[in-house]
Amino acid sequence: MANRLMVALDYPDAESARALLDKLDGIPCYMKVGMQLFYAAGPEFVRELKARGYSVFVDLKMHDIPNTVRGGAASLTALGADMFNVHAAGGTAMMKAAREGAEAALASSGSLRQPLIIAVTQLTSTDQAVMNGEIGIDGSVADTVLRYARLAQEAGLSGVVASPQESKAIAAACGPGFVSVTPGIRPAGAELGDQSRTMTPGQAIASGSHYIVVGRPITAAADPRQAALNIIEEMVQA
Ligand SMILES: O=C(O)c1cc(=O)[nH]c(=O)n1[C@@H]1O[C@H](COP(=O)(O)O)[C@@H](O)[C@H]1O
């Protein structure tokens, strides 16, 4: 169950991230490197996490023309990312290009493993009013997430990033093997911060999320190790 917990290392530098790694030593979770840490510490820090034995989700949410995303996907695959993501809003040609880039990198190196390529649907910070009124997409958030999930599946991707509130519907539409990676996780009573579509760790697992992504409820906790252990316990109980 612990390997279904992904800890978001949203830190400004490698040193701060290492301080958390020390606190979580021995807890077999996935590590997520997002824009803040990747732009500061680069691929070298991903290699360091791999050398420490972690599976790594490189969360750079690529959204560009297909040729550029193909190249980015090849680079992240060559780096050894176990999972990386693109925005579904880039369309099927772009998502297919991500897959082709990964396949090209795999073909030119015998030792790499196939990464999970995941499409971001609607960010978990987005609510219905913002999606309709600002972004200009009509209908419900759940319907938009499902439309993107079907596109991602058509493009041959492994799954989506969505809120755990949508995990059940995604499994119903795309099958249980289509991976749901769900941020927007808040243990009962935790601060929501900028997240809108949230669930507790237990609710997310019970709803069929394959992986839960947790940042501040662990990184900003007074005792991050205990916070992570409590979340894993809640996942096991669910
Ligand atoms: O792709 C992501 O990981 C992601 C997608 C999304 O829709 N919402 C979302 O919060 N995330 C990431 O998940 C993490 C959530 O962090 P906390 O809100 O601190 O738990 C952050 O690193 C976000 O970048």
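Computed from the coordinates by the stated procedures, all read-outs in this text should not be read as laboratory data. Just so we're clear, the structure is a prediction, and the values are computed from it rather than from any experiment. FYI the Cβ positions are ideal-geometry reconstructions off the backbone, even for glycines, and counts take in every protein chain you see.
May I ask you to derive the relative contact order of the chain, considering only C-alpha pairs under 8 Å and at least 6 residues apart, and to give it as an integer percent? Relative contact order, the chain: 18 percent.
Could you give the C-alpha radius of gyration of region 1-88 expressed as a fraction of 2.2 N^0.38 Å, taking N as the number of residues it contains?
For region 1-88, the normalised Cα radius of gyration comes out at 1.07.
Extending 7 Å from the Cα toward the beta-carbon at both Asn3 and Arg113 defines two label points whose distance is 0.7 nm. Look at Phe38, Phe84, Phe45 and count the other Cβ atoms within 10 Å of each Cβ; fewest to most, that gives Phe38, Phe45, Phe84.
Roughly how far apart, in whole Å, are the Cα centres of region 24-52 and region 137-200? Going from one Cα centre to the other spans 24 Å.
Please find, in a Gaussian network model of the chain (springs between Cα atoms separated by less than 10 Å), the residue of Ser111, Ser209, Ser196 whose mean-square fluctuation is greatest. Of the options given, Ser111 has the highest mean-square fluctuation. Considering the options Ala19, Ala81, Ala228, tell which one lies farthest towards the positive end of the dipole of the chain, charges being +1 on Lys and Arg and -1 on Asp and Glu at the Cβ, about the Cα centre. Most positive-ward Cα: Ala81. In the chain, helices alone account for a calculated mean residue ellipticity at 222 nm of -13500 deg cm²/dmol, with every DSSP H run of four or more residues adding -39,500 (n - 2.57).
Shown here for region 111-216: trypsin sites (Lys or Arg not before Pro) in loop regions (DSSP other than H, G, I, E, B) with at most 11 other Cβ atoms within 10 Å, namely Arg113. Exposure proxy shown here: for Asp10, Asp194, Asp127, the number of other Cβ atoms within 10 Å sets the order, fewest to most, as Asp194, Asp127, Asp10. Amide H to amide H, with H built 1.01 Å from N, Asp59 comes under 5 Å of Val33, Gly34, counting only residues 5 or more places away or on other chains. Mean projected area of the convex hull spanned by the Cα atoms of the chain, taken over all viewing directions: 12.3 nm².
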